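A short worksheet on the structure shown next.
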Amino acid sequence: MTTGILPGTGRRITLSTDTPPPGLTGPLTERFTGERVEKSVQVVLNSVIFRASGQSLTTAGTYIEMTSRLIEPGFLALALLAVRGRLKR
């Protein structure tokens with residue numbers, strides 16, 4: 001039950017909502033689609049491995065961001081090895 005006052009009129013309104021019990025709906029073939037699998041993989045990778053940027057990106061942009069976050073530490077290590085090699089001369 002939700003109650004509130006309607007702006008401008010000052011009238012009090014009351015709304016009641018019913019929450020259905022949780023459960024799986026629809027046939028199995030509609031619940032397991034390629035689009036849903038891709039979205040679930042993105043969510044898992046962003047939460048476990050990568051830090052999500054919080055920006056709305058296209059699919060290509062999301063994969064580019066994931067790839068760059070995976071490769072960047074390698075580039076940093078190579079840069080440090082290059083600096084170390086120059087300093088040792």
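Note on the stretch 58-89: residues that are modelled with pLDDT under 85, among the basic types (K, R) and assigned to a helix (DSSP H, G or I) amount to 2. Anything in the stretch 1-33 that is over 29 Å from the mean Cα position of the chain (by Cα), among the small types (G, A, S) and either surrounded by 10 or more Cβ atoms within 10 Å (Cβ to Cβ) or within 30 Å of T59 (Cα to Cα) (or both)? List them, or say none. Passing the criteria: only G4. The criterion of being modelled with pLDDT of 80 or more, in contact with a strand residue (DSSP E or B) (Cβ under 8 Å, 6 or more places away or on another chain) and either surrounded by 10 or more Cβ atoms within 10 Å (Cβ to Cβ) or closer than 30 Å to M1 by Cβ (or both) does not hold for R36.
In the condition set (1) loosely packed, with under 10 Cβ neighbours inside 10 Å; (2) in contact with a helix residue (DSSP H, G or I) (Cβ under 7 Å, 6 or more places away or on another chain), R89 is compliant with all but (2).
The values are calculated or read from the model by the stated rules, or taken from the named source; none is laboratory data. If you're wondering where the values come from, they're calculated on a predicted model, not measured in any experiment. So basically every Cβ, Gly included, is an ideal-geometry build from the backbone, and we count neighbours across all protein chains shown.
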